[in-house]
Amino acid sequence: PQTIRLSDYTPPAYLVDEVHLTFRLNPSATRVTSRIAFRPNPEARERRFKLDGEGLKLIRAMIDGEPVTPALSDAGLTCDAPDAPFTWEAEVEIDPEGNTALEGLYMSNGMYCTQCEAEGFRKITYYPDRPDVMAVFTVRIESDLPVLLSNGNPVERGEGFAEWHDPWPKPAYLFALVAGDLVNHPGRFTTKSGREVDLNIWVRPGDEGKCAFGMEALRASMRWDEEKYGREYDLDLFNIVAVDDFNMGAMENKGLNVFNSSCVLASPETSTDANFERIEAIIAHEYFHNWTGNRITCRDWFQLCLKEGLTVFRDSQFTADMRSAPVKRIGDVITLRARQFREDNGPLAHPVRPESFVEINNFYTATVYEKGAELIGMLKTLVGDDAYYRALDLYFERHDGQACTIEDWLAVFEDVTGRDLAQFKRWYEEAGTPRIDVEESWTPGAPGAQGGGTYTLTLRQHTPPTPGQEVKNPRVIPVKVGLIGPNGDEVAETRVLELTEAEQSFAFEGLTAKPVPSILREFSAPVILNRDSDAAERAFLLAHDTDPFNRWEAGRALAREGLMAMIVEGAAPDRHYLDAIERVARDETLDPAFRALALGLPSEEDMAQALFDAGHTPDPQAIWEALDALKSARAHAMQDIAATLYDAHQVRAPYRPDAEQSGARSLANAALAMLGRLDGGARAQAQYDAADNMTQQLAALTCLVRANAGDAAVQAFYDQWRHDRLVIDKWFGLQILNAEPARAVEVTRRLTQHPDFTLKNPNRFRAVLGALTAFPAGFHDPSGAGYALLTDWLLKLDPLNPQTTARMCSAFETWRRYDADRQTLIKAQLDRLLAQPGLSRDTAEMVGRIRG
Ligand code: DPP
Ligand code: ZN
């Protein structure tokens, strides 16, 4: 398979002004005719007419009305073409029903839908399928289905057809078509300049009751983008469609967003508080792409972070504004560490802007998305809020309608601030998570002179090598720091230290006593901070830090260090931790959502990485046991307060998925989990029986399964929800995630035999096999049975859906961190995958990179 390199970029030979497409829909034989106006690109270096196309049956082709016979290959066609503007016409046949890869035009439960990002349009018709070719699309759909949708505005609707026109030039990856027996939940929005926009959420009949929340989230997003970024919507219509079979979360097609139904459908009875929050964020994310992605798109797929990093950053800001900023930040950092640090510290590490790829689908990663967003956050910290928004204004003004690069993006910041961002650009080019080691020194003032002391922080940065990048250069790292005095008062407010050298010292003068530093407030950079500290100091920060993130971080560090001692030295659960966390739990001045987060513990994955970094070989079972022992010790130590918290945070008001209610429920359910270790699940059973919303029902069921008291409830839950596939996904996952580690593989295997398990639905596949891989103590069973089971199913899925298969291979990405026996077992499975005849390009690339 061919490696594609950023350095090989060349401008397209021909540009497209207009595209006319006609679809005659048929499940197994859809005819697509195209009429495309090409003109030579004055900037091209060579004049070769080449169109991408995959899996297409070419019926006929013409140039300026004359039949032509192009040279066909697996990847597309070439043809002699004029060195002047011309019209290309072609007719192809495709098979939506047979399209199980869910890229291009496919069918899901009787409806037609498309997914074209990144390179799916070439499975629909022959086209220059690259984002720097932007064109105006007119689309005619012929079908007897009642709802026929495409991008832009409706032009004409008649018996058996509909015509759409999108006035905004766009790359082919933003094309979309949907046809089916759908119903809509309508809404309306008036933009700040008075444009009336019709909004619709289209769903299968039966799902109408799950649209109201998404509609409100959409309206809130539209308002927010006007207020915060001055960005207004630009069509009279905005459609969202829910699709059950979808590889990703959602897709920002112009005027016609297509969503995985799990990322838009919501009701209190079927969705948890976390689902609601995620849905709100994804609706915002896709809507925000209208400006950061669609109006300004990417020149090539290496620039993916240009739209994704920025749009994730924007949706995080939105959630922080809609809910609690500290809670959102803590949640984002938990995810970043779990997914992106894991990626950045293993064989799949790659720069935020990669330099090469085999299959672009493999680069829709936590690094491009989440680390990409962190880079925007650092930039904002470095230039300041005011300059940030001025740079964004310039970006929209200068580049509207263009396909851009990271260089274009950085240039607007340089032009607005006069600052040289050459060093900052390394963040886009160099992979790996920087480590910062901290040293401190204290010089008291002269005797008798109050406030003459100087505290000095010395920061040293280094980034370990990553595949293909042995040497790393110092980066510019914004480190937010504040100082706390011995009595708990803040003696130096947050300031941004700009670390630009490998080693640098920063002095704080005028202090009366040696302070305790609060470093990397708000997690101001995606780095690993190493600082020798003791439990007493962590507990002090947990009690006194004014920065909520670092307060949470102090508790997390205390827990992690206690767990390390339990695992490595066989120590007992740490009293400092238990005492400090109890004080936080009791502190009524703290937001319940924050307290619930503080009661969270490092994940098994966090602990494996921490042990590995400290020079130990992690044993997933030992990690699970230490966590289990700590949870039990904590439950005993905190039983009074747990019961109090549980009772005090019961929500009596009608269900609302807002920050306040969901915070109360998360704290009550954290208490329930503690109590469940003591009462055999009695309270959980009562909560289960009384629950009128999914958050309460699922928390109770989880607790019952953990307490080995869940068999009846598991059956009852299935009977109640068997008609709702999104709820049944939860049902599959929770049985695996809460099994005894030694039984997890067996439970997974049993569930793959369940009649509701299917390879055709990515959500279901992830709910089952994804749950196993998200449970390290189960997945890494010393027998290797978890590895073999996953591989069996990856081999079955790959011929049907390469994209989802490849993504799930990342379960193996941490393999070199484990003991020799496990490494041997995993390597055997990686080799088994690679030996599979006809293995997809997607999966072959992933497994090849993981195996190294
Ligand atoms: N562009 C899409 C998104 O991130 C990819 N699924 O929103
Ligand atoms: Zn996106």
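Give, as a single signed number, the net charge of other residues whose beta carbon lies under 12 Å from the beta carbon of Leu789, with Lys and Arg counted +1 and Asp and Glu -1.
Residues near Leu789 contribute 0 overall.
Computed over the range 168-302, relative contact order equals 25 percent, with contacts defined as Cα pairs under 8 Å that lie 6+ residues apart. Taking the DSSP bridge list for the chain and keeping only pairs wholly inside it, about 80 percent are antiparallel.
Treat every Asp and Glu Cβ in the range 435-531 as -1 and every Lys and Arg Cβ as +1, leave all other atoms uncharged, and give the resulting dipole magnitude about the Cα centre to the nearest 20 debye. Numbers along the way, then the final one.
Details: 9 positive and 12 negative charges, 40 e Å.
Dipole of the range 435-531, to the nearest 20 debye: 180 debye.
Relative contact order, whole percent, for the range 432-499 stands at 24, derived from Cα pairs under 8 Å and 6 or more residues apart. Legend: distances between Cα atoms for Lys50/Lys307; Lys328/Lys730; Lys380/Lys514; Lys371/Lys760; pairs beyond 25 Å are Lys50/Lys307; Lys380/Lys514; Lys371/Lys760. Within the shell defined by Cβ-Cβ distances under 14 Å, the residues around Glu440 carry a net charge of -3, with Lys and Arg each +1 and Asp and Glu each -1. Between the listed residues Val416, Val383, Phe302, the Cα displaced farthest toward the positive end of the dipole of the chain, a dipole computed from Cβ unit charges relative to the Cα centre, is found at Phe302. Taking a ≥ b ≥ c as the square roots of the eigenvalues of the alpha carbon gyration tensor, the chain is prolate, as a/c is not under 1.5 and a/b beats b/c. The label point for Phe506 and the one for Asp415, both projected 7 Å from the Cα toward the Cβ, are 3.1 nm apart.
Reported to the nearest whole Å, the Cα centre-to-centre distance from the range 789-851 to the range 335-407 is 27. Rg and Dmax of the range 435-531, based on Cα coordinates, read 15.3, 57 Å.
Below 8 Å between Cα atoms, with a sequence gap of 6+, how large is the relative contact order for the chain in percent? Across the chain, relative contact order equals 8 percent.
FRET efficiency for the pair Asp74 and Gln639, taken as 1/(1 + (r/R0)^6) with r the Cβ-Cβ distance and R0 = 60 Å, rounds to 0.40. In the range 722-852, a dipole from Cβ-located charges (positive for Lys and Arg, negative for Asp and Glu) runs towards its positive end, and of Pro837, Ile826, Thr804 it is Thr804 whose Cα lies farthest in that direction. Using Cα centres only, tell me the gap between the range 92-130 and the range 262-314 in whole Å. Spelled out, the Cα-based centre of one part sits 22 Å from the other. Taking the Cα centre of the range 4-260 as origin and assigning +1 to Lys and Arg Cβ atoms and -1 to Asp and Glu Cβ atoms, the resulting dipole is close to 340 debye.
Cα centroids of the range 1-56 and the range 510-570: 54 Å apart. First check a/c for the range 731-852, with a ≥ b ≥ c the square roots of the eigenvalues of its C-alpha gyration tensor; if it is under 1.5, answer rounded, and if not, answer prolate when a/b is larger than b/c or oblate otherwise. In terms of gyration-tensor shape, oblate. A simple charge model with +1 on the Cβ of Lys and Arg, -1 on the Cβ of Asp and Glu and nothing else charged puts the dipole of the chain at about 860 debye relative to its Cα centre. For the chain, the residue among Ala713, Pro27, Gly555 whose Cα projects farthest onto the positive side of the dipole built from Cβ charges is Ala713. Mind checking the full-extension length gain between Tyr389 and Asp489? Use 0.36 nm per residue of separation minus the Cα-Cα distance, one decimal, nm. Between Tyr389 and Asp489, full extension yields an extra 32.7 nm.
Shape of the range 550-657 from the C-alpha gyration tensor: prolate (a/c of 1.5 or more and a/b above b/c, with a ≥ b ≥ c the square roots of its eigenvalues).
Where a number appears in this text, it was derived from the coordinates with a stated rule and is not lab data. Please read these numbers as outputs of a predicted model, since none were measured by experiment. As a convention, Cβ positions derive from the backbone with ideal geometry for all residues, glycine included, and neighbour counts pool all protein chains shown.
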